[in-house]
Amino acid sequence: MTVMEQRGAYRPSPPPAWQPRTDPAPLLPDPEPHRVLGTEAAAQADPELLRTLYAHLVRGRRYNAQATALTKQGRLAVYPSSTGQEACEVAAALVLEEQDWLFPSYRDTLAVVARGVDPVQALTLLRGDWHTGYDPREHRVAPLCTPLATQLPHAVGLAHAARLKGDDVVALAMVGDGGTSEGDFHEALNFAAVWQAPVVFLVQNNGFAISVPLAKQTAAPSLAHKAVGYGMPGRLVDGNDAAAVHEVLADAVRHARAGGGPTLVEAITYRVDAHTNADDATRYRGDAEVDTWREHDPILLLERELTARGLIDEDGMRAAREDAEAMAADLRARMHQDPVLEPMDLFDHVYAEPTPQLREQREQLRAELEAEAEAGQSPRPEGALR
């Protein structure tokens, strides 16, 4: 008998009875995205919360428009707009308590501002002026993360450490659909579930990883379904329904705070503007697609609900717009002021104790700048060199 024949004749004995460690049914997301606005559930929504969400959405839309204009005027190097995704941004910031942490991606400047960070400081990184622009500890907001998904393991590490210390802290990590294709996404979710870390993962599925559509990134029924493989609940929500996003995220935060472990939330939304000012979105999507999503605009959906229930009138909407204009005017005025740049800042806050190599590089740059100044080649403003 040949080896192949021997292999073909082999019949393994049946495995012993085995029970799955986790019943996947409770972890599976609903077949349709959860919605509140325009449904019977909207009648149960807190009117004050709805008005607060609306004010933040209007303010956020104006913030996106102003930041985009500043980019065109050369005041920002780049700006990844979140226009159309404001409901996700605002809800993510508002569901957290003061002691909690937000871990944003580069597109989440609006969430950072809604969390309390100064609008100018939130844009400093995109201006090329400073490493981050704000103190992460002040409002418990991690630095805006440009590499895809690397903020997710950071969130898990912080949340796990807080749990070990007995601190009442939940971390909410934001990522786009493109980030779910990265290894950091897998590692973060796997460790969070194994350690039962108090983390909420919010995936803003806007349909494209720059120009790559979702269908070319994954064959899963939804991104929320990926949660089952890690042993955590997956939730699917209409990302343009501010009330629904707030409700789902609030549930996930409470679940994490109570020791229930992490949750993966997929919010179905849409990026109305281009990926950044360097992107030509017409090369990979048509106007008809964008126009369809404009009819499902987060501000429009909430405005309809508020007016239908008599919770806001023209004066209330005007007040929200005026507040947004005041914010934009202040942002515009301060961003038009030229910053005083200090080259030596390149070496600050790299290490708690500078390495010998860093000290050597610092002194080398200082000597070069002083030599240029003495030769009259590079006049420097008073106080620019310490």
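Each value in this text was obtained by applying a stated rule to the coordinates, not by laboratory testing. Owing to the predicted nature of the structure, the values given are computational and were not obtained by experimental measurement. Using ideal geometry, Cβ is built from the backbone for each residue, glycine included, and neighbour counts are taken over all protein chains shown.
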Open item on the list: With bins 10 Å wide starting at 0, give me the P(r) of the chain over every alpha carbon pair, in whole percents.
Closed with: 5, 20, 28, 23, 12, 7, 3, 1, 0, 0
Task: Pair residue 40, residue 294: separation of 7 Å Cα→Cβ label points (nm) - done: 3.5 nm
- [ ] Determine the percent antiparallel among the DSSP beta bridges restricted to the stretch 25-335, to the nearest 5.
- [x] 10 percent
TODO: Run through the DSSP bridge list for the stretch 193-325 and note the antiparallel percent, rounded to the nearest 5.
DONE: 15 percent
Open item on the list: Please give me, ordered by residue number, the GluC sites (Glu not before Pro) of the stretch 65-126 that lie in loop per DSSP and have at most 15 other Cβ atoms within 10 Å.
Closed with: 97, 98
- [ ] Please identify which residues in the stretch 121-136 have an amide N closer than 19 Å to a label point set 7 Å out from the Cα of residue 346, following the Cα→Cβ vector.
- [x] 125-133
TODO: Determine the equivalent ellipsoid of the stretch 172-317 by diagonalising the alpha-carbon gyration tensor, then write out the semi-axes as square roots of 5 times the eigenvalues, largest first, rounded to whole Å.
DONE: 28, 23, 11
TODO: Quick one: check the C-alpha center-to-center distance for the stretch 150-223 versus the stretch 335-369, whole angstrom.
DONE: 33 Å
Open item on the list: Quick check on packing: order 260-273, 290-303, 209-222 by the mean number of other C-beta atoms within 10 Å, highest mean leading.
Closed with: 260-273, 290-303, 209-222
Open item on the list: Just want the ordering: 126, 144, from fewest to most Cβ atoms lying within 10 Å of their own Cβ.
Closed with: 126, 144
Task: Kirkwood Rh, Cα atoms: Rg over Rh of the stretch 77-139 - done: 0.94
